[in-house]
Amino acid sequence: MTSPKNRNVAWTILVLFLLTGTSFALYWHTIGYPFVFDDLRAIPENTEIRLDELSAKSLIECLKKQKNRRVARVSFAVNYYLSGIKPDMYRITNIVIHALCGFMVYLLMRSLIDLNLRSQSRRVTVRSGETHTRANGVTNGKGGAMSRLAPAAFVIAIIWATHPIQTNSVTYIVQRMNSLAVLFYVTALWLYIRGRLAGKLSLSITYIVLSCAAWVVALNCKEIAVTLPLVVALTEWYFFLNVSVRQSLKILVSAVVSGVLCAGLVGAVVVAMMGTNVTEKISRGYVRQGFEFTAGERVLSETRVLVFYLSQLIYPNPGRMNLDHDFRPSRSIADMHTILSIVLLTGLFLIALKLARNHPLVSFGILWFFIHLIVESSVIPLKLVYEHRLYMPSIGVFLALAAMYYQIFRFRRAATALAGPVLVAVILSGITYQRNKVWQSERRLWQDIVGKSPNLERPNNNYGNLLANSGEIEEGLKYLKRAAEINPNFTEAHSNMAAAYIRIENYENALYHCNRAIESNTKYAKAYINKGIVLNTMGRREESVESYRKAVELEPLSVEGNYNLGYWYFDKRDFKTSIFHFRQTLKKDPYYIEALNGLGAVYYMMNQYDEAYSFYSRALKYNPDYMMGYFNLGMVLERQDKLREAVTNYKRALELNPNHEKAYYLLGDIYVKQNMPDNARECYEHTLRVNPNNRDAARKLKALNQDTDK
């Protein structure tokens, strides 16, 4: 017969395989999906994650650069080193993290069920030589309840892993901060339990130290991990101390203590995020974010949000899933929906306390849900609803549901018990697979959001800007105008309308919306950039430069501001200042081809040809089809008397642009130097076909023809 230890190992390997396979099956088709929304700021536009080498020193330096959530951001840096700004590796990493999260959920649930059985075994009765326990309605007779730990834990893990609500934490790359925090948080709690059950003191200490280390890592992924001490205390109370809660007074005392501890933990997070002057910073945060609700209204609203979250977990309808929910705040406690939500949540909380002794897993799961929404459902100035916030709380909900499932049906065979949950997991998988398709392009994502939240300014603005940038300017302007109608002081909408009007050369309207954007937010650098572009196009160059300077003053690493100033000073022959601004551009975006080309041009004018060659070559490295890179490189090589290489580069430039007048002309000059008059004549003729008014080419062609006649 197979020993229990071998069965345990076999089950563990099988579960790891199933969860990993399921995760990749559900999310593999997202590998090629692009970066969207906040992904762009966190990865392609983030210079703080640019790793040139993968070493302990470079990783530590990168870690120091990050202001918060350091571990998660460093993981982006490692992805950047391995694959640059191609999203494939980032997405594969997210899928692996999700699979590992699912596996750790399995291990934790198995430990909690085991603890529950150990606790319940203190109250066994012996009948006819057969042992019974009250744990989950599973008999500890032949085969034993312990033999059913793995299937029960697997039920929770597979439903959690396949639920479509998790797509916002997996497919949305930037939410790796969330999934990594959950991975290390769950690991920390599992290690703590292992430490408490370890027989040897040294082994117990080792587990506890590892648990603390995992918690520190979780905190450096996302601040939600601050609740771990409370959950550890809850675990002790439920499964190790076996505290009696018969008397209602004890229930009340435990509720008060839990509430005070929760408030203290939330307070610690708020202070860590905002400093000691909390009240003022919270108020400023609400103003800065442009929220139409106060801290008090947010707390009231979150009661409805929590009920909404529960409904999403129980009824995962894709039509109700959204990256940006239009959730209107509660203005008064007298609001009927708010009252009903408060009553429902209070009732659920009291039920959890009531069930603590006889149905601890159900009770623990309910409290887990509440505890893990403490931070993001508090007074901290955040948007009311985000689905990724359910990644951790949903574990508790599925634990409670699974415990009730086993308690109600009291299955005698593990295979029978698995049938229903596996069917549920299959259905959830289908919904998840379909929901993921929304993320396949930025266009489809914002189209989905606008369809579900048509009265929110941000989705209308982002979708309109996307359409305008794609060349559908009139259609884009329709959504941008809608965003401005919803919120007349929405800075980004006015700035994006200005950019759209620039594209269709409607400079009066463009300038109007630039000024409207600046009026609504005098510190919005992008509005000054657009204003500079408009004024420059209208011939008001001195005024345009002032706008670029203002943009750079507000945002020292502004790519467009520094780039435009770089060329302004280049034209003024102030090469030192020009170099400074081009280099500032590259600090923010090392792949900005035009800035590399600009630096090459400056050094070329300063006769520093090696430096010029270096920057032109970098431009071509990042974009092998950059025509101006080959042309400019040809000019540098010609100055260095490397005529063969110069010819090669001029020819490549002409392959990319057969009508480049100057490339033909300079190529003709080289052929003259190489005493190849026929080739030179052909190049000058091409030059004149492109531009019949090129007098220099006409003069040189005439001289060649005269030499031939002689």
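The values are calculated or read from the model by the stated rules, or taken from the named source; none is laboratory data. These numbers come from a predicted model, not from an experiment. Counting neighbours? That spans all protein chains shown, and the Cβs are built from the backbone with ideal geometry, glycine included. Calculation scope for accessible area: heavy atoms of the full protein, side chains included, ligands and nucleic acids excluded. Shrake-Rupley method; radii C 1.70, N 1.55, O 1.52, S 1.80 Å.
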Checklist entry - How do the pairs read when you match residues in the range 493-507 that are touching a residue at least 12 places away in the same chain (Cβ under 8 Å) with residues anywhere that are among the charged types (D, E, K, R) and assigned to a helix (DSSP H, G or I), using Cβ under 7 Å and keeping only pairs 6 or more apart or on different chains? => result Ala493/Glu457; His494/Arg516; Ser495/Lys526
Checklist outcome for this item: Scanning the range 42-66 for residues that are without any contact (Cβ under 8 Å) to a residue 24 or more places away in the chain and open to solvent by 50 Å² or more (accessible area, probe 1.4 Å) gives Ala56, Lys57, Leu59, Ile60, Glu61, Leu63, Lys64, Lys65
Checklist outcome for this item: Among the residues of the range 569-586, the number that are crowded, with 16+ Cβ neighbours inside 10 Å and within 15 Å of Pro556 (Cα to Cα) is 7
Next on the checklist: Conditions first: (1) of a type in the set (Ser, Thr, Tyr); (2) open to solvent by 50 Å² or more (accessible area, probe 1.4 Å); (3) not in a helix (DSSP H, G or I). Thr346 passes all but one, so which condition is the exception?
Outcome noted: (3)
Next on the checklist: Condition first: touching a residue at least 12 places away in the same chain (Cβ under 8 Å) and surrounded by fewer than 21 Cβ atoms within 10 Å (Cβ to Cβ). Now tell me which residues in the range 553-568 satisfy that.
Outcome noted: Leu554, Glu555, Pro556, Leu557, Val559, Tyr567
Item to check | Residues located in the range 289-342, provided they are of a type in the set (Val, Ile, Thr) and either over 26 Å from Leu399 (Cβ atoms) or not in a helix (DSSP H, G or I) (or both) | outcome: Thr294, Val299, Ile333, Thr338, Ile339
Checklist entry - Are any residues in the range 688-710 more than 15 Å from Asp669 (Cα to Cα), modelled with pLDDT of 90 or more, in a helix (DSSP H, G or I) and open to solvent by 100 Å² or more (accessible area, probe 1.4 Å), and if so, which ones? => result Arg689
Checklist outcome for this item: Checked the range 193-210 for anything assigned to a helix (DSSP H, G or I) and open to solvent by 40 Å² or more (accessible area, probe 1.4 Å); matches are Arg194, Arg196, Leu197, Leu201, Ser202, Leu203, Ile205, Thr206, Tyr207, Ile208, Val209, Leu210
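Table: residues versus (1) open to solvent by 40 Å² or more (accessible area, probe 1.4 Å); (2) of a type in the set (A, V, I, L, M); (3) under 30 Å from Thr167 (Cβ atoms).
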residue: Leu445; (1), (2), (3): no, yes, yes
residue: Ile449; (1), (2), (3): no, yes, yes
residue: Leu456; (1), (2), (3): no, yes, yes
residue: Asn469; (1), (2), (3): yes, no, yes
residue: Ser495; (1), (2), (3): no, no, no
residue: Asn515; (1), (2), (3): yes, no, no
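So which of Val105, Val78 is of a type in the set (A, V, I, L, M), open to solvent by less than 10 Å² (accessible area, probe 1.4 Å) and in a helix (DSSP H, G or I)?
Working: Val78 fails: open to solvent by less than 10 Å² (accessible area, probe 1.4 Å).
One residue alone meets the criteria, Val105.
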Item to check | Test set (1) of a type outside the set (Asp, Glu); (2) more than 17 Å from the chain's Cα centre (by Cα); (3) open to solvent by 60 Å² or more (accessible area, probe 1.4 Å); (4) more than 13 Å from Val170 (Cα to Cα) - Trp28 fails condition number | outcome: (4)
Checklist entry - What's the number of the condition Phe35 fails, among (1) within 30 Å of Tyr592 (Cα to Cα); (2) touching a residue at least 24 places away in the same chain (Cβ under 8 Å); (3) in a helix (DSSP H, G or I)? => result (3)
Item to check | All positions within the range 351-403 that are farther than 30 Å from Val287 by Cα, aliphatic (A, V, I, L, M) and either in a loop (DSSP other than H, G, I, E, B) or within 22 Å of the chain's Cα centre (by Cα) (or both) | outcome: Leu355, Ala356, Ile395
Item to check | Qualifying positions in the range 452-487 - touching a Phe, Trp or Tyr at 6+ places or on another chain (Cβ under 7 Å) and of a type in the set (Asp, Glu) | outcome: Glu457
